[in-house]
Amino acid sequence: MLTPAVATQLQEAGWSVVLWRTPNLVIGVRPELPANCKILAPESLAESAIASTLTQVDALGGFLHLHPNDSKSPMLSLDSGANALVRHVFLLAKHLQHKLTVPTDSGRRHFVCVVRQDGQLGTTGTATGINAVAGGLSGLTKTLQIEWPSTFCRTVDFASELSAEEAAQRLAAELADPDGQTQEIGWSPQGRVAFLPEVSDTVHSSEADDFPEKPVWLVSGGARGVTAACVLELARRHPGTFLLAGRSPLEDEPDWADGITAEAGLRQAAMQALQAAGEKPTPVKVRQLVERIDANRAIRTTLQQLQDSGSIGVYASADATNADELRDAIAPHVQQHGAITGVVHGAGVLADKLIEKKTPEDFDAVVGTKAHGLQALLDAADPEQLSHLLLFSSAAGFYGNGGQSDYAIGNEILNGTALTFAQAHPNCRVVSYNWGPWEGGMVTPELKRMFEERGVEVIPAAEGARIFADFAMAEGRGHGPLLLIGNSLAVQYEPPPEVKWTRRTTRTLSLAQNPTLIDHTIGGHAVVPAVCALAWMAEAAEQLAPGYRFAACEDFQVLKGIVFDDTLADGYQLDLEEVERESGLHTVIEAKITSSGGKLPRPHYRTRVHLSKATPDSPVSHLKAEHRTPITDNPYQNGTLFHGPKFQGIQQIAELTEQHLLAQCRMPVWSDAECGQFQTRPFNPYTLDPAFQAMLVWARMIHNTGSLPLKLARMEHFRTIPFDTPCTLDLRVQSHSSTALVADLDLVLNDGQIAARMLGAEVTLSENLNTLFLKSAA
Ligand SMILES: NC(=O)c1ccc[n+]([C@@H]2O[C@H](COP(=O)([O-])OP(=O)(O)OC[C@H]3O[C@@H](n4cnc5c(N)ncnc54)[C@H](OP(=O)(O)O)[C@@H]3O)[C@@H](O)[C@H]2O)c1
């Protein structure tokens, strides 16, 4: 069971664990918890029970929701079984907002949801246990990350094949991940995945052969707004029958409104009509009356335009979230025009506000319209007979969007349903359109202006309708069911120049998570390679400054290496502080890694990371091809280097003099799992490691002593050296003594370009190391 395994991991990492025990929703055995876990048990899932129970906790370091694996709950029901927890977690987030966003000195806080689907974020659509409602939680975490920028928010999906212990270990690593940009991660036996959009080719816009000759479409929300524009484009290309469902009743236009089109005139006439009926014309009543006239006019216009294009348009007044009401309203039309062949779910409502202001009713209206609306449409049709299922989702679901936590959940539920429905119904064309904002519909002129100011693309109505019809009608099934049209709605994080920031993250290291470091053993214990520590700091800095890329680091110092022995600390703190910012193109971040345990924090590594928005050109090496006499002795065999097979990147020492060393290098391939907690971003530390190894070789050959990395005055990085890629290492000695060697090094790719340049690299020489290296080699 995941809960005890996670509780144990958290306790081992030094956290106090409080279990939030909800009333029994899914029948099962209550897990046995480790000792010292406090339990909080709200009486019910209601908001009042959450608020009163939360008064029993003070400060919180984070909140983890472990969603039960519940394949029995109906796919789109928000109320049954474990699905009801999604609304509960939404309300918990509301009441945790203050606790999880107040500034803290003890590292960032967390809001993390764990689901157990396919370990690939539901994208396979096949595994048993995939539940689209549970998948909706990712919409919540993505939105919270925007609303709570200093909190670490993420949804992690573990495949059911992963054991509870493995999932708990992976989760501990995720909690320590410095990447604040990725809010969705999947883990399966195949490894770790994130969800990234791919640019799609435009589809072949000619009609697919299997397009029904006389389609009968059931469309929620299709009489008005952007869905109507899409329906009309579909009808223009291929006439059919369109059953349009909306809540507004279709009424004859009252005489007082007849012929008045200007908004101000209509408001004036509505006021007079209310007065004539003996009612007080309050602004709310006037607005509602005018909206009814507008809605009715829009419905009549859509029906007329359908008829003009040779289609049959029918309006059914029904709430699409009420399955019985919808079925009854369309039944006579189905009888007259034939069975439904295509479903379009366009109904949607908004209740935009920050999470702390949301109400349970907002959730029910916004998420219910998406999830229960889709269920009611599928109930009204025969899903097995559908040629098309077309869903109006939103980029707000794909990216999250401030003020739209409920809307993001609802749209993610549509996306999850599209993936599973497409798998289960291979003959049905399923598209979930994740629209950016359109010009029109929900997007008022004020909203449009705001989007444009933020650089968010707004979709012109004709263009959106064209894309809708192209993807609905296209031949072939070349693309997946999720389509993203538009960019992120969130304001890009860009601290203003005068505001410099600081950030702290904590990472727990273990050999179990970095098994390949066994090949980096000195004196019987695995040691974190200095280049890995450097990459760790560079990656964290890069991720906290979106848009900037790692360019260089300065003044890197190894103060106390991290050894996997009894000195290994429970957690390592990485502190980052922006110290310089230059015209928005360049930023400098001080980074240091420390651990606690003694009276004072113990420093391990430090450096200054330079990030840039510009991509530098790689300089060209001036190395000449000359005949050299290589050294045949293998430094990995003779005690010169302690490195095991995975680190053996030096293939041949081509030249070695008192001033110079030249080596041919090629690093063996490492899988992501082998890279463990030290991945290959923003540069590959493993393919740079032979640079320090070459210094060790030189020190042994010239001074007959072992040595270890100490400092690096500057490293400039131009191109990543992939695994299994030949490169030449050019080491130029700057100074040396019996205790230190200082050198400049270039790593040169076969095209002559320098991938990385190290200046003032320093290793410390000591005879004591000779025996340690020998023990490792033994
Ligand atoms: N406009 C955009 O920029 C944009 C961007 C991304 C995604 N979308 C999605 O596209 C869809 C259409 O958006 P829109 O801008 O056209 O919105 P809209 O102008 O507000 O229209 C929404 C439509 O949904 C209907 N509706 C709402 N609740 C319903 C219910 N319970 N049962 C039946 N019909 C219901 C409304 O009709 P009644 O009021 O008569 O019920 C109306 O026709 C929505 O699902 C939205 O989430 C829109």
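The alpha carbons of region 615-656 stretch over 38, 31, 12 Å along the principal axes, in descending order. The mean sequence separation of alpha-carbon pairs under 8 Å and at least six residues apart, normalised by the residue count of the chain, gives a relative contact order of 10 percent. Per-residue 3J(HN,Hα) values for region 628-638, derived from phi via the Karplus relation 6.51 cos²θ - 1.76 cosθ + 1.60 with θ = phi - 60°, read 10, 9, x, 8, 8, 5, 8, x, 7, 9, 9 Hz in sequence order (x marks Gly and Pro). Using r as the Cβ-Cβ distance of ASP633 and THR720, and R0 as 22 Å, what FRET efficiency do you calculate, to the nearest 0.05? Computed FRET efficiency for ASP633 and THR720: 0.10.
Note that region 341-490 presents 34 Å² accessible area per residue, ligands and nucleic acids not counted, probe 1.4 Å.
From the alpha carbon centroid of region 532-578 to that of region 34-78 is 35 Å. Can you give the calculated 222 nm mean residue ellipticity of the chain, where each DSSP H run of n ≥ 4 adds -39,500 (n - 2.57) and the sum is split over every residue, rounded to the nearest 500 deg cm²/dmol? After summing the helix terms and dividing by the residues of the chain, the value is -10000 deg cm²/dmol.
A 1.4 Å probe run over region 2-194, with the rest of the protein chains in place, finds 41 Å² accessible per residue. Its alpha carbons give region 509-572 an Rg and a Dmax of 13.6, 42 Å. Between ARG300 and GLU356, the FRET efficiency estimated from the beta carbon spacing at R0 = 30 angstrom works out to 0.10. Cβ under 14 Å from LYS353's Cβ, LYS353 left aside: what net charge do those residues give with Lys, Arg +1 and Asp, Glu -1? Surrounding charge for LYS353 is -3. Using alpha carbons only, how many degrees (0 to 90, rounded to 10) separate the axis of helix 164-175 from the longest principal axis of the chain? Compared with the principal axis, the helix lies near 80 degrees.
Please give the per residue volume of the convex hull enclosing the alpha carbon atoms of region 241-311, rounded to a whole number of Å³.
92 Å³
With all protein chains in place and a 1.4 Å probe, the accessible surface of the chain carries 51 percent carbon and sulfur. Exposed loop sites were defined as trypsin sites (Lys or Arg not before Pro) in DSSP loop states (anything but H, G, I, E or B) carrying at most 10 other C-beta atoms within 10 Å; in the chain the longest segment without such a site runs 1-598. Contact order for region 2-194, expressed relative to its length and based on alpha carbon pairs under 8 Å spaced 6+ residues apart, stands at 21 percent. Between the C-alpha center of region 329-397 and that of region 743-770 there is a gap of 61 Å. Looking at region 2-194, the DSSP beta bridges with both ends there are about 15 percent antiparallel. Counting only the Cα atoms, the chain fills a convex hull of 194 Å³ per residue. Between the Cα long axis of helix 323-337 and the first principal axis of the chain there is an angle of about 70°, rounded to the nearest 10. Since only GLN335, THR261, PHE678 are under comparison, the one whose Cα sits farthest along the positive direction of the charge dipole of the chain, derived from C-beta charges on Lys, Arg, Asp and Glu, is PHE678.
Distance distribution note for region 602-736: the fraction of Cα pairs above 28 angstrom is 21%. For region 224-342, compute Rh as the Kirkwood radius over C-alpha pairs and then the Stokes-Einstein diffusion coefficient at 25 °C and 0.890 mPa s; write the answer in µm²/s, rounded to an integer. D = 154 µm²/s. Summarising the strand pairing of the chain, around 65 percent of its internal DSSP beta bridges are antiparallel. When TYR315, TYR572 are compared by accessible surface with a 1.4 Å probe, the order from highest to lowest is TYR315, TYR572.
Could you list log10 I(q)/I(0) for region 2-194 at q = 0.12, 0.15, 0.17 Å⁻¹, which the Debye formula gives when each Cα is one point scatterer? Normalising to I(0) and taking log10 leaves -0.55, -0.91, -1.23.
Ignoring lysines fewer than eight residues from LYS624 along the same chain, the ones with Cα atoms less than 29 angstrom from its Cα are LYS711.
Could you state the angle between the C-alpha long axis of helix 530-543 and the longest principal axis of the C-alpha atoms of the chain, as a value from 0 to 90 degrees rounded to the nearest 10? Roughly 30 degrees between the two axes. Taking only the alpha carbons of region 369-420, we obtain Rg and Dmax values of 12.0, 39 Å in that order.
The C-alpha atoms of region 168-283 occupy a region whose extents along the principal axes are 71, 46, 22 Å, arranged from largest to smallest. Legend: Rg and Dmax of region 675-769, from Cα coordinates, 13.6, 40 Å.
Using a simple spin-label model with pseudo-atoms 7 Å out from Cα toward Cβ, THR104 and GLU554 lie 3.4 nm apart. When the charge dipole of region 2-194 is built from unit charges on Cβ atoms (+1 for Lys and Arg, -1 for Asp and Glu) and taken about the Cα centre, the candidate among PRO4, PRO189, SER160 whose Cα reaches farthest toward its positive end is PRO4.
Quick one, can you get me the convex hull of the C-alpha atoms of region 1-74 expressed as volume per residue in Å³?
Numbers: hull volume 8.1 nm³, N = 74.
Considering the Cα atoms of region 1-74, their hull volume per residue is 109 Å³.
Considering only protein heavy atoms, with the full assembly of protein chains and a 1.4 angstrom probe, order THR705, THR124 by accessible area, largest first. The partial results should precede the final answer.
Working: THR705 10, THR124 40 Å².
Output order, biggest surface exposure first: THR124, THR705.
The values are calculated or read from the model by the stated rules, or taken from the named source; none is laboratory data. Given the structure is predicted, the values throughout are model-derived calculations rather than measurements. In this analysis, Cβ positions are derived from the backbone assuming ideal geometry, glycine residues included, and neighbour counts consider all displayed protein chains. These area figures cover heavy atoms from the full protein model, side chains too; ligands, DNA and RNA do not enter into them. Shrake-Rupley method; radii C 1.70, N 1.55, O 1.52, S 1.80 Å.
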